[in-house]
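Remarks on the structure that follows.
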Amino acid sequence: MFSNPLVSIALTTYNGAEYIQDQVDSLLTQTYSRLEIIICDDGSSDATVQILRTNALIDNRIKVYVNETNLGFNKNFEKAISLCTGDFIAISDQDDIWVDNKIERMLQLWKHDTVLMHHSAKTFSSLPLPKIEISKEKDMSVCTDMRYIIAGNFIQGCTTFFKRELLDTAIPFPDGVIYDWWLGVCAFNTGKVQYVHENLIYHRRHYTSAHFSIEKTRRDQLAFLLGNTTRLLEIGAFSNGYEDYAKHTIEAYKSLLNTKYSFKALCWFIKTRKVKMWHKTVKKNPFFAMLLQSFKLARGAKHIPANF
């Protein structure tokens, strides 16, 4: 489909001086070399920009942009992606480390009808890097239609790789929706989403990352899911007849907010178990595993301690 395509890497930074050099090194040593690395810094107050500019002097594939005002990670990613000129775009977090053949591998596995590809990631918290092992329970290849992304995004932004054409529908990002969730919805609306069951990055987990600023209590989790799903429904993002599925899902989650247990939610989770609990299909007794998980999910916000 493409001969030696230009691949853009969209990287956003904010006070990431402690980790950014490890990530930049892993980008520059990719086995696929026809890259442009677009970096948008969101007003860092540490040495992040200095580190980036030093790297840009050494390798002209790096282009550094510094925002005049703080945009927030969602809009900063939108800016970085919009500045990309490649045939394909890969998203990068500032604190991860990529496997050296990540880009090459994704180009090798790309199918002609794919719009967006994503892959698994190996979590780590500190160096040295752990041994890569892939869990069967996290094989997302079964997640093949829009239902799987309603009220629960399974596409991790830092693992995504997509055709530039996706930007025709994805830009601008709507307010109130996390960017990787939005990219996944747009991809399902326009073509095929392809999953690669290989760990192609090391995803760093630490308590200053954006992940830990969201979803800390059970109520926070429900509010986060409801907010994003409701906003997507409001803007008409769920095409191809998935609107009713989204409405029922929203009602099920709403019923969990002010109760210890919701029978309404339980019935919905059981009915949609093969979608909601796709990761349980690898169990020896998947039906009972899904049934048990349905009861667990039907616990309301009042049932879980505030420090959940």
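Here are a few things to note about the model shown:
- Residue satisfying condition, being touching a residue at least 12 places away in the same chain (Cβ under 8 Å), touching a Phe, Trp or Tyr at 6+ places or on another chain (Cβ under 6 Å) and crowded, with 16+ Cβ neighbours inside 10 Å, within set SER8, SER44: SER44
- In the stretch 16-27, the residues that are in contact with a strand residue (DSSP E or B) (Cβ under 9 Å, 6 or more places away or on another chain) and surrounded by fewer than 16 Cβ atoms within 10 Å (Cβ to Cβ): ASP25
- Those helices (runs of 4 or more DSSP H) of the stretch 242-308 in which at least 1 residues are within 20 Å of ALA223 (Cα to Cα) and of a type outside the set (D, E, K, R), considering only elements entirely within it, cover 243-254, 263-271, 286-297.
The rows are residues; the columns are (1) farther than 12 Å from HIS197 by Cβ; (2) at pLDDT 95 or above.
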residue: ASP100; (1), (2): yes, yes
residue: ILE103; (1), (2): yes, yes
residue: LEU109; (1), (2): no, yes
residue: HIS112; (1), (2): yes, no
residue: HIS118; (1), (2): no, yes
residue: PRO128; (1), (2): yes, no
residue: LYS136; (1), (2): no, no
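- Within the stretch 52-76, if we keep just the residues that are assigned to a helix (DSSP H, G or I) and either of a type in the set (S, T, N, Q) or in contact with a Gly (Cβ under 9 Å, 6 or more places away or on another chain) (or both), the residue that is surrounded by the most Cβ atoms within 10 Å (Cβ to Cβ) turns out to be ASN76.
- Residue list for the stretch 120-161, filter: in contact with a helix residue (DSSP H, G or I) (Cβ under 7 Å, 6 or more places away or on another chain), farther than 21 Å from PHE88 by Cα and not in a loop (DSSP other than H, G, I, E, B): LYS136, GLU137, LYS138, VAL142, MET146, ARG147, TYR148, ILE149
- Residue-level analysis places ASN189 among those that are among the polar types (S, T, N, Q), in contact with a helix residue (DSSP H, G or I) (Cβ under 9 Å, 6 or more places away or on another chain), part of a helix (DSSP H, G or I) and within 20 Å of TYR245 (Cα to Cα).
The values are calculated or read from the model by the stated rules, or taken from the named source; none is laboratory data. No experiment lies behind these values; they were computed from the predicted model shown. Note: ideal-geometry Cβ built from the backbone for every residue, glycine included; neighbour counts use all protein chains shown.
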